[in-house]
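Engineer: Handing you this structure, nothing more for now.
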Amino acid sequence: MHFTSEKHLDVEVSDGDVPESGVRKSGVLEREFTLGEVPGILWTPVSGPSAEAPLILLGHPPLGLDRMYPRLAARARRVVADGFAAATVELPGSGVRPRLPLVEEARAELRRAMAAGEPVGDDIVDRLVLPLVERAVPEWQTALDALLALPGIGGPVGYSGGVISVGVRLAAVEPRVAAAVLFAGSLVPRAVFEEARRVTVPLHVLLQWDDEGNDRQASLDLFDAFGSAEKSLHANMGGHTGVPESAGEEAGRFLARHLKS
């Protein structure tokens, strides 16, 4: 792991604590890094925790870290405020990383099918999602190795957000992940349903009831398939980008309950 930059994140204040600038230090240190050819970002308390902080892996869709940065940074601020460290990595085939031709081809077929109002076949979903899962999960595990070796960061580890198929595979195969918050809404290959039966960690699943790009029944079927003894489904009205702020707060309480006990 090679750190390439660092900065402190600021937040606006309204209580007049810093009248000259209107901002104050938020207590978050943001460091960009590379792990081999994979870029990533780590957020930790500026002063460093008094003990090793649990780590939250922030998943995200394959749109590129640059495009996702505002949302990721906002989530990271909340995570660090709750006493965690947070980290993310660029997904294969997105951002500055080389494209995956077979995935790009499947994505084009998906767009054509959706534009024509045609059903999206399992073959397209498999070619779109499975190559990403196969590459991304080992990279997350390699990142975990490096992150947990840093001072001030320890287990247990939580996973939050991202492509749900990546989260399912990671929760199924990585014993260091002790709890996960999963966002329903991505196309899910049939093989992932079988993997879901092997997931046993506590789960908090978010579902937007009117998500225009999601098969609601498939999301419900996947939730039913999870093998976890503790799992909860939190459905909110609205489309894909309409997740209420309260849903994030509930997810934060779930992670605190399971990673800080």
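Read-outs throughout are calculated quantities, based only on the coordinates presented, and are distinct from any laboratory measurement. All of these numbers come straight from a predicted model, not from anything done at the bench. Don't worry about glycine lacking a Cβ; one is built from the backbone with ideal geometry, like all the others, and counts go over all protein chains shown.
Engineer: What ranking do Phe254, Phe84, Phe3 get, fewest neighbouring Cβ atoms within 10 angstrom at the top? Spell out each step's value before the answer.
Structural biologist: Numbers: Phe254 21, Phe84 27, Phe3 11.
The most exposed by this proxy come first: Phe3, Phe254, Phe84.
Engineer: Quick check: residue separation of Glu250 and Arg197 times 0.36 nm, minus the Cα distance between them. What number comes out in nm? If you can, show how the numbers build up before the last one.
Structural biologist: Numbers: separation 53, 0.36 × 53 = 19.08 nm, distance 2.46 nm.
Fully extending the segment from Glu250 to Arg197 adds 16.6 nm.
Engineer: Using the Cβ atoms and a cut-off under 12 Å, what net charge is assigned to the surroundings of Val125, where Lys and Arg are +1 and Asp and Glu are -1? Write down the numbers at each step before the final one.
Structural biologist: Working: positive: Arg107, Arg127, Arg190; negative: Glu109, Asp122, Asp123, Asp126, Asp215.
Result for the local shell: -2.
Engineer: I would also like to ask the following. Please state the charge dipole magnitude for region 47-259, taken about the Cα centre, from unit charges on C-beta atoms (+1 on K and R, -1 on D and E), reported in debye and rounded to the nearest 20.
Structural biologist: Values: 21 positive and 27 negative charges, 93 e Å.
The dipole of region 47-259 has a size of about 440 debye.
Engineer: Restricting to DSSP loop positions (anything but H, G, I, E, B) with no more than 16 other Cβ atoms inside 10 Å of their own Cβ, which GluC sites (Glu not before Pro) remain in region 174-214?
Structural biologist: Sparse-neighbourhood loop GluC sites (Glu not before Pro): Glu212.
Engineer: Arrange the following residues from fewest to most other Cβ atoms within 10 Å of their Cβ: Arg127, Arg75. Don't jump to the answer; show the numbers that get you there.
Structural biologist: Numbers: Arg127 19, Arg75 22.
By the 10 Å Cβ count, ascending: Arg127, Arg75.
Engineer: Distance between the C-alpha centers of region 79-109 and region 184-261? Whole Å please.
Structural biologist: 19 Å
Engineer: At 20 angstrom or more along the helix axis (alpha-carbon based) and mean Kyte-Doolittle of 0.0 or higher, what helices does the chain contain? Whole DSSP H runs only. List each step's numbers first, then the result.
Structural biologist: Details: long enough: 65-81 (23 Å, -0.22); 101-115 (21 Å, -0.31); 122-148 (37 Å, 0.41); 245-259 (21 Å, -0.57).
Long hydrophobic helices here: 122-148.
Engineer: Over region 128-261, what is the relative contact order in whole percent, taking alpha-carbon pairs under 8 Å and six or more residues apart? Walk me through the numbers on the way to the answer.
Structural biologist: Details: 212 pairs, mean separation 29.1, N = 134.
About 22 percent, as a whole number.
Engineer: Among residues other than Phe3 whose Cβ falls under 12 Å from its Cβ, what is the net charge (Lys/Arg +1, Asp/Glu -1)? Let's see the in-between values first.
Structural biologist: Numbers: positive: Lys7, Arg31; negative: Glu6, Glu30, Glu32.
Value of the local net charge: -1.
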